[in-house]
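Data first, discussion second: the structure below is written as C-alpha cells.
The values are calculated or read from the model by the stated rules, or taken from the named source; none is laboratory data. This is a predicted model, so every value here is computed, not measured. For neighbour counting, all protein chains shown are included, and Cβ atoms are generated from backbone atoms with ideal geometry for every residue, glycine included.
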Amino acid sequence: MQKIIREDIERICEEELPWHTLGNKRILVTGSSGFLGTYIVLSLMECNRRYNTDITVHALCRSKEKAYAKFKECWDNSHLQFIFQDVCEDIDDKYKSDLIIHAASPANPYIIQKQPYDVVKANVFGYSRLLEKAREWGTKELILFSSSAVYGYSAPQSGVDEDYREPIDFTQVKDVYCLSKQMCEMMTVCFEKTGDVEVKVLRPFVVYGPGDDLTNKKAMTDFLNDCLAGRNIVLKSKGDAIRSYIYIGDAIRAFYYILLKGYRGAYNISSEKNVYSIREVVRFFCECSGDIEIEYLIGNEDYLNNRTQVMIGKNNKIRELGWSEKINLKEGIARTINWGKGISGKKEGLYE
C-alpha cells in the first residue's frame, strides 16, 4: 500500500469509535475498487488487524485487474472475498451480508453526459437490486452514498443543511446524475415504509485526495495530472464556482462516525472550513507544485458546463457525532501531489 494512503487508513482506524460493534459482521461493499470504496475496504481490513473484529468483506467490483492493483497486499486475506460483476446483476446468496454499503456510482462527468442511461442503470436499477437483496437476506443496515447533487443549482452562500430542497429540471439529460440520486433517496424512503432495514444516506460534497482515478476527468484529478506532468493548469472558465472540499481521509472518518454512532436519515459529508472557488484551488495546486502557473482558455465542452455556482454543505450533524475535520485544503492537495509522484509511471497501479 502506498505510504500516504497507509497513513490515512491508520489515522481513520485510530479514531475512538465503537469498532467492536462491527465484530463478526459480513459486510457487502459495492464499488469497492472506486475512490470511496477502496478506502472503506482497506480500513475494514485494518480494523480487523488492529481490533480483531473478524469482519468479512464482500467486495463487489467489475474489474479484477483494478481490484488487484488496489488490494494486492490483502489479496489472499480470507476476510476479503471479491465479487466480480456489475452491480445491476443478481448477487449470489452465498454473499449474504449483515450490512450493505452502496458506493457504486458513475461520477465521471464525461460518462454522465455521453452515456446517461448507464448512469440510470447503475444508480437506480443497481440500488433496486440491493434493496431487494437486503429484504431477502434480512440485512439490518444499509448505507447509501448519495450526493450533494441532490440539492440542485441554487444553493445559498450560507450553505445547505440536509433539509434543503431545490427543484431540478427532469427534462435535461445533464441532470441525470442528480435526478438518479434523488430517485435513490425516494426509493429509500419508500423501502423503509415496508421493511426493517435501517438506511443511512450520505451526501458527499467534493471529496478529493490520494487514490482517485487519474482518468476520470474530474477537475481535481485534471489539476493533479497537470502538476505531475509539470504543465500549466488551463482553466476553461473564470473559476468562480465555489465548493466545499473535503479530504478523503476526513470523509471516510465521517462515514465511520455515521455508521457507528449515527441514526437513520441523511447526512452531509462536507467541510465548512475548506470552502474555495476553483480558481483558488488551482492556485493551491500551483503553489504546492512550485513550477507551474494558471492559464485561461474558455472552452465549450458540454461535460464541463456546470450551472451550480455555489455548493457549500453544512456539517452540523456529523460534528454532533464527535467528528471534526483534520486536513485543510492546501495540506490535502500537497498530500495528493506527493501520492501522485509516488505512483507515477508504475505499472502496478495506484497503490504500489
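For Lys133, indicate whether it is under 22 Å from Ile246 (Cβ atoms), under 23 Å from the mean Cα position of the chain (by Cα) and not acidic (Asp, Glu). For Lys133, the condition - under 22 Å from Ile246 (Cβ atoms), under 23 Å from the mean Cα position of the chain (by Cα) and not acidic (Asp, Glu) - is not met. Of the residues making up the range 170-180, none is in contact with a strand residue (DSSP E or B) (Cβ under 9 Å, 6 or more places away or on another chain) and closer than 23 Å to Val310 by Cβ. The residue that is nearest to the chain's Cα centre (by Cα), counting only those in the range 11-35 that are surrounded by 14 or more Cβ atoms within 10 Å (Cβ to Cβ) and in a helix (DSSP H, G or I), is Phe35.
Of all residue pairs spaced 6 or more apart or on separate chains, those with beta-carbon atoms under 9 Å, a first member in the range 86-111 that is closer than 21 Å to Ala149 by Cβ and a second member that is surrounded by fewer than 16 Cβ atoms within 10 Å (Cβ to Cβ) and among the β-branched types (Val, Ile, Thr) are Asn108/Thr215. Does Ser154 satisfy the condition of being on the phi < 0 side of the Ramachandran plot, modelled with pLDDT of 95 or more, surrounded by fewer than 22 Cβ atoms within 10 Å (Cβ to Cβ) and hydroxyl-bearing (Ser, Thr, Tyr)? In short, no.
Out of curiosity, is Ile343 β-branched (Val, Ile, Thr), under 24 Å from Arg11 (Cα atoms), surrounded by 16 or more Cβ atoms within 10 Å (Cβ to Cβ) and modelled with pLDDT of 95 or more? In short, no.
For the range 168-195, filtered to residues that are charged (D, E, K, R) and part of a helix (DSSP H, G or I), the residue that is surrounded by the most Cβ atoms within 10 Å (Cβ to Cβ) is Lys181. For beta carbons closer than 7 Å, sequence separation of 6+ or different chains, a first residue in the range 114-132 that is of a type in the set (S, T, N, Q) and a second that is surrounded by 17 or more Cβ atoms within 10 Å (Cβ to Cβ) and not in a helix (DSSP H, G or I), the qualifying pairs are Asn123/Ser105.
Number of residues in the range 256-275 that are surrounded by fewer than 21 Cβ atoms within 10 Å (Cβ to Cβ) and of a type in the set (Phe, Trp, Tyr) equals 1. Considering the range 310-324, and only residues there that are surrounded by 20 or more Cβ atoms within 10 Å (Cβ to Cβ) and in contact with a strand residue (DSSP E or B) (Cβ under 7 Å, 6 or more places away or on another chain), the residue that is farthest from Val160 (Cα to Cα) turns out to be Ile318. When the range 196-230 is filtered for residues that are over 21 Å from Val160 (Cβ atoms), of a type in the set (A, V, I, L, M, F, W, C) and outside any helix (DSSP H, G or I), the ones remaining, listed by number, are Val197, Leu214. Anything in the range 135-154 that is of a type in the set (Asp, Glu) and not in a helix (DSSP H, G or I)? List them, or say none. Matches in the range 135-154: Glu141 only. Kindly provide the set of residues from the range 36-65 that are surrounded by fewer than 18 Cβ atoms within 10 Å (Cβ to Cβ) and in a helix (DSSP H, G or I), ordered by number. Result: Arg49, Arg50, Tyr51, Lys64, Glu65. Contact map, the range 259-283: residues that are at positive phi paired with residues that are surrounded by fewer than 21 Cβ atoms within 10 Å (Cβ to Cβ), Cβ distance under 9 Å, separation 6+ or inter-chain. Pairs shown: Gly265/Glu162; Gly265/Lys200; Gly265/Lys317. In the range 231-274, the qualifying residues are those that are assigned to a loop (DSSP other than H, G, I, E, B) and among the hydroxyl-bearing types (Ser, Thr, Tyr), and the one that is nearest to Pro18 (Cα to Cα) is Tyr263. One residue stands out in the range 240-262 among those that are within 30 Å of Glu280 (Cα to Cα) and among the hydrophobic types (A, V, I, L, M, F, W, C): the one that is modelled with the lowest pLDDT, namely Ala241.
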